[in-house]
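The structure appears right after this line, and notes come after that.
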Amino acid sequence: MALTSLSKGRVVALAGGVGGAKLAHGLAQILPPDRLTIIVNTGDDFEHLGLTICPDIDTVLYNLAEVNNPRFGWGRADETFHVLDEARRLGHDAWFLLGDKDIALHLLRRSMLDAGMTLTQVTLELARRLGVRHPVLPMSDHPVRTIIRTPEGELPFQEYFVRRRTEPVMLGMRLAGLAQARPSRQVRAALDAADVVILCPSNPFVSIGPILALPGVRERIATKPALAVSPIIQGQALKGPAAKMMEEQGLEVSALGVARYYAGLIEGFVLDQKDAILAEGVRALGMTPLVTDTIMRDKTQRVRLAQEILRFADGLPGR
Ligand code: FO1
C-alpha cells in the first residue's frame, strides 16, 4: 500500500549535523509543517562559557531559516566574532568558535532555560522567532552527552571533535545520562503519528545513534516504514569523521557498512550513484535500494533529493 507521503502522509526525519540539516531543509520545502517533524540529536550538546550549546539543533534551525553559514555548514552566515575576540584578549582559550549572532541566540536559550522552560519549549520558541514553521524537536529534554573513548581516556564529544579535531583513535563511545533519559512527549507523539521515518545522511554513531538509543525510539520506528540515506559515498564521509569512526570500529567503510548498521530497522536505503555497485548488497540485506545523486550542493539539489526520497518512501512496503 502506498504511503502517499508526497500527498498526505506524515514524515519524521531524524537528523544530526550538517548533512541531516540539508535534507531536512529540502523536505521542508515540499511538506507543510503539519506533515514534517524533525527530531534532532542532542548528544553533541555541552555547557560552555555558561551557555548551553546545542550544535545539531542550531544547525537544523539555521538551515531551515536559511541563515546558516554555507561554508562551515554550522553557525550563522554573515557572522562576526567581536565577543570571542574580546574574550580571547581577556585570556579565554577560544577553541570553540561562537559568533556574535550565534551568541545572541545562546543568551536567549540560557535565559529561557533558566526561567524553567524545557529544551523542547525553548527550541520551538527559538524556531518561531527565526521564522521556522516546521516542528524541530530535541530528542529528549533530559541531558544526554556523547563521550568518546580514546587511548588517552574519555573525551566529551566537542573536546574530541573540535578541540582535538577527531585525531585520537575512537575505541568506542558511551552516552552519559542515557539511563535517566526519555524521549520527550512530543517526540513520542511525532513517531507514533508518522507514516514514514527518514534517517537523514548524518553520522550513524554519534548523530543518529543517540536518538535510536533512547528507550522506545527503536521500537516505535520498527513498526513504521523507514529508510536511511547514506552519509558515506565511495568510502568517504562528505563531512565529519563518520568514515574514520567506522574504520576504527572495525566496520566496512562504505554505504553498505552503513546499511548493515541499520539492518533490522529500515526497509529502504538511499545510496549515491557513485556507489551503484553496492545496490545488490543492500538488496541482500532485505532492503530496497534507491540509487541517486545524494550530494546536496545547493537548495535545488536539496529539494530534488527530498522529492526523490518521498517518492521512494511511497513505494516502500508498509508494516
Ligand atoms: N565545529 C568546528 O569544527 N569548530 C568550531 O569551532 C565549531 C563551533 C560551533 C559553534 C556553534 C555550533 O552550533 C556548532 C559549531 N561547530 C563547530 C560544529 C559542531 O561542533 C559539530 O559540527 C557538530 O557537533 C557535529 O554534528
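Overview of results
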read-out	value
Hits in region 125-169 - residues which are away from the ligand (no atom under 16 Å from the Cβ), part of a loop (DSSP other than H, G, I, E, B) and at positive phi	Gly131
Selection status of Val187, assigned to a helix (DSSP H, G or I) and either away from the ligand (no atom under 13 Å from the Cβ) or touching a Phe, Trp or Tyr at 6+ places or on another chain (Cβ under 7 Å) (or both)	yes
For Pro215: the one exception among (1) crowded, with 24+ Cβ neighbours inside 10 Å; (2) in a loop (DSSP other than H, G, I, E, B)	(1)
Single residue of region 50-93 satisfying the filter (assigned to a helix (DSSP H, G or I) and more than 21 Å from Thr123 (Cα to Cα)) that is nearest to the ligand (Cβ to nearest atom)	Leu84
Set Thr42, Thr123, Thr150: member being surrounded by 14 or more Cβ atoms within 10 Å (Cβ to Cβ) and not assigned by TED's automatic domain parsing to the domain that holds Ala21	Thr150
Test: residue in region 277-295 that is within 16 Å of the ligand (Cβ to nearest atom) and either closer than 22 Å to Arg10 by Cα or in a helix (DSSP H, G or I) (or both)	no
Qualifying positions in region 235-262 - more than 16 Å from the ligand (Cβ to nearest atom), modelled with pLDDT under 95 and assigned to a loop (DSSP other than H, G, I, E, B)	Gly235, Gln249, Gly250, Leu251, Glu252, Val253, Ser254
Boolean, Val162 is of a type in the set (A, V, I, L, M), closer than 27 Å to Tyr62 by Cα and outside the structural domain of Val67 (by TED's automatic domain parsing)	yes
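The values are calculated or read from the model by the stated rules, or taken from the named source; none is laboratory data. None of the values given here were measured: they were computed from a predicted structure. Virtual Cβ from ideal backbone geometry, glycine too; neighbours counted across all protein chains shown.
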